[in-house]
1. Applying the selection to segment 55-80, what residues are surrounded by fewer than 17 Cβ atoms within 10 Å (Cβ to Cβ) and closer than 20 Å to F30 by Cα?
2. List every residue pair whose Cβ atoms sit under 6 Å apart, with the two residues 6 or more apart in sequence or on different chains, where the first one lies in segment 31-60 and is on the phi > 0 side of the Ramachandran plot and the second, anywhere, is at pLDDT below 80 and in a loop (DSSP other than H, G, I, E, B).
3. Could you please let me know if V57 is at pLDDT 85 or above and of a type outside the set (S, T, Y)?
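The values are calculated or read from the model by the stated rules, or taken from the named source; none is laboratory data. Since the structure is predicted, the reported quantities are computational estimates derived from the model, not experimental observations. Don't worry about glycine lacking a Cβ; one is built from the backbone with ideal geometry, like all the others, and counts go over all protein chains shown.
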Amino acid sequence: MFSAPIRLDLKIICECRTPTREILDILPEFPIAIWVYHLHHEMEDNALTALEHVDRVSVICVGGDSNSALERIVDAMQHPFPILPRLVI
């Protein structure tokens, strides 16, 4: 399980209320799936924290009513994400 997380399709799910920074510090370096809808400040921070790990992000599904929050998320995505096959905004 720990030697082939991508082949087994294992992911750390970062959702709206996931304490992302704490989880990423504790769990092994599995790929990350970011699922955040209806962004507000707390959720935005969780998504931005997960997006710092560009080499681990494998799914991004982001939506919301706040254009400014979405702009900050898009700004954080200006780097290559080498294992990202799916992006939904």
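1. D55, C61, H79, P80
2. H38/G64
3. yes
Each row is one residue, and each column tells you yes or no for (1) out of contact with any helix residue (DSSP H, G or I) (no Cβ under 6 Å at 6 or more places or on another chain); (2) modelled with pLDDT of 85 or more.
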position	(1), (2)
R17	yes, no
I34	no, yes
H38	yes, no
A50	no, yes
H53	yes, yes
R86	yes, no
